[in-house]
1. May I ask you to verify whether residue B:121 is more than 8 Å from every other protein chain (Cβ to nearest Cβ) and either out of contact with any His (no Cβ under 9 Å at 6 or more places or on another chain) or of a type in the set (Ser, Thr, Tyr) (or both)?
2. Six or more apart or on different chains, Cβ atoms under 7 Å: show the pairs whose first residue is in the stretch B:27-42 and assigned to a loop (DSSP other than H, G, I, E, B) and whose second is open to solvent by 80 Å² or more (accessible area, probe 1.4 Å).
3. So which of A:4, A:32 ends up being modelled with pLDDT of 95 or more, over 30 Å from residue B:148 (Cα atoms), facing chain B (nearest Cβ under 10 Å) and within 16 Å of the chain's Cα centre (by Cα)?
4. Which members of the stretch B:85-109 meet the condition of being within 23 Å of residue B:42 (Cβ to Cβ) and assigned to a strand (DSSP E or B)?
5. Could you tell me which numbered condition residue A:76 fails, if it satisfies all but one of (1) within 25 Å of residue A:120 (Cβ to Cβ); (2) among the small types (Gly, Ala, Ser); (3) free of Cβ contacts under 8 Å to residues at least 40 places away in the same chain; (4) at the interface with another protein chain (Cβ under 9 Å from one of its Cβ atoms)?
6. Mind counting the residues in the stretch B:105-145 that are closer than 21 Å to residue A:50 by Cα and in contact with a Leu (Cβ under 6 Å, 6 or more places away or on another chain)?
7. Those residues that are over 17 Å from residue A:83 (Cβ atoms) and not in a loop (DSSP other than H, G, I, E, B), I need them from the stretch A:121-138; list them, please.
8. Quick one: residue A:156 ticks every box in (1) open to solvent by 40 Å² or more (accessible area, probe 1.4 Å); (2) small (Gly, Ala, Ser); (3) out of contact with any strand residue (DSSP E or B) (no Cβ under 9 Å at 6 or more places or on another chain) bar one, so which box is it?
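The values are calculated or read from the model by the stated rules, or taken from the named source; none is laboratory data. What you see is a predicted model; the values in this text were computed from it and never measured. In this analysis, Cβ positions are derived from the backbone assuming ideal geometry, glycine residues included, and neighbour counts consider all displayed protein chains. SASA here: full protein model, heavy atoms, side chains in, ligands and nucleic acids out. Shrake-Rupley method; radii C 1.70, N 1.55, O 1.52, S 1.80 Å.
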There are 2 protein chains.
Amino acid sequence: MLSVRSATVDDSPLIADMIRELAAYERQQDEVTARADNLARDGFGPHPFFECVIAEWDGSPAGFAFYYFIYSTWKGAPGLHLEDLFVRAPFRGKGIGKAFLAHLARVAVARNCYGIRWHVLAWNQDAINFYRALGATVLEDWRAVRLDGDALENLAREDGQRE
Amino acid sequence: MLSVRSATVDDSPLIADMIRELAAYERQQDEVTARADNLARDGFGPHPFFECVIAEWDGSPAGFAFYYFIYSTWKGAPGLHLEDLFVRAPFRGKGIGKAFLAHLARVAVARNCYGIRWHVLAWNQDAINFYRALGATVLEDWRAVRLDGDALENLAREDGQRE
């Protein structure tokens, strides 16, 4: 039987494990530097950067959904951004993915969010079809941009004040 | 002369004005429902959903940058998401856009963020060239997905618990 519960600070090692499992599934495990103590610090203090829910199947940890709140300047309302959704291999095909999304929809409505957002790989047509069947819209016109590493450090050293 | 300062709750009407000006520039003004009181409530309470900085040119409000914190499960660190960046027409060509990005890079570094993220329209080659010149990467493989309105309400009514 499935249950979905909010993560606590004691789940930080479990969440870190499942982040690495998801990264391995996406063949990106070498890019993961997150550790349990990062998650404990950033997710469970007085001003948490994220929230996380854990699915259990007959009491066994079966997956996680990791999200945080964003904000729409058009709507003047927060939104919920789903960063990661992962179901461990033995527990797939049981409706856990949809149960997570339904749970997040309830969180979004309860917190007065205008909606849920996430990202999908453009070539993952199975996922896109699943999301569209739920009524989601793929924003074809937009691309995400990232600035980090040396470029971030260099830009931070620029003098922002002009005369 | 340019200065960039943090917005306060008293700037909520100015921010709402500039959000509408940006939306008009993008021909989306009909989609804006945000009002100053939404922004005052959501951005300046004990748990703000966003932060905002305002550029002034010789004391006149010249533009704004609107951002919030996100989180990378790979990095185990927060990131800064730039939601809106806008410079009023009379003040363009003075380097204010770059000054905003440099300011945000300093905020990101000071808050231990791994980087800055934002979205760009896929056909806006001038903007993409400008961002790439700063060292930013366009994530070509990813698409944003949005679920809201009736689809969100319907999903929230689904029973998420399965046997």
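1. no
2. B:32/B:20; B:33/A:75; B:34/A:75
3. Only one candidate qualifies: A:32.
4. Passing the criteria: B:85, B:86.
5. (1)
6. Going through the stretch B:105-145 one residue at a time, the tally reaches 6.
7. A:125, A:126, A:128, A:129, A:130, A:132, A:133, A:137, A:138
8. Tallying (1) open to solvent by 40 Å² or more (accessible area, probe 1.4 Å); (2) small (Gly, Ala, Ser); (3) out of contact with any strand residue (DSSP E or B) (no Cβ under 9 Å at 6 or more places or on another chain), residue A:156 fails exactly one: (1).
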